[in-house]
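Each remark here refers to the structure printed beneath this line.
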Amino acid sequence: MPKRRMDKRALTESVISQLEAELALQTEAALGSREEATNEESRAEDKYDMRSQSAAYLAAGQARLATEIAEAIKAWRAMPLRAFTAADEIASGALVTLEGPGRTATYLLGPQSGGMEARDGAESATVVTGASPLGRQLLGRRLGDMVKIADRTGPVVHRVVAVA
């Protein structure tokens, strides 16, 4: 029985949903840290008391992370979900299946958030970006081309067996 083709829209929505949940968490954490930094009870009791300053640094870092996550969501929403043919070069938005010795893996080439797992019901694809070692190898390749994936024992050759 042929394997069901993964739905790129569902995979993309999965990534966006995970990022939105992380954004909500980071935003809440940043607001909590900001509240702690500005709370009257956090006021320094002596010149060595750094609670307020530490909370302010933490709030700033969490706010920066929230901004990065918001930018990632924006990039994922802007990514075109075009269909790739066997003759097309692999580019951002491609769903690529690689086959190697005893292993088949599917990757979604996205704009950001490499390493995330995008789910389409029971199936999943790992997000890679063009900035990652695997992503750099995939960009511009075509169906049937070979790439090398680092393994504990050294590089392992994999063939591009599907591009969608």
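If you check VAL128 against the conditions, is it buried (at least 17 other Cβ atoms within 10 Å of the Cβ) and in contact (Cβ under 8 Å) with a residue 40 or more places away in the chain? Criteria not met by VAL128. For the stretch 86-109, the criterion of being loosely packed, with under 14 Cβ neighbours inside 10 Å, touching a strand residue (DSSP E or B) at 6+ places or on another chain (Cβ under 6 Å) and not aliphatic (A, V, I, L, M) is met by at least one residue. Annotation note: Cβ proximity below 6 Å between a residue of the stretch 72-100 that is over 22 Å from LEU19 (Cα atoms) and a residue that is modelled with pLDDT of 95 or more and polar (S, T, N, Q) (sequence gap 6+ or interchain) occurs for THR97/THR106.
In the stretch 62-164, counting only strands (runs of 3 or more DSSP E) that sit wholly within it, the ones holding 1 or more residues that are at pLDDT 95 or above and farther than 16 Å from LEU11 by Cβ span 95-100, 146-151, 154-163. Is it true that ALA55 is over 30 Å from ALA162 (Cβ atoms), surrounded by 12 or more Cβ atoms within 10 Å (Cβ to Cβ) and at pLDDT 75 or above? In short, no.
The values are calculated or read from the model by the stated rules, or taken from the named source; none is laboratory data. Keep in mind it's a predicted model, so treat the numbers as computed, not measured. So basically every Cβ, Gly included, is an ideal-geometry build from the backbone, and we count neighbours across all protein chains shown.
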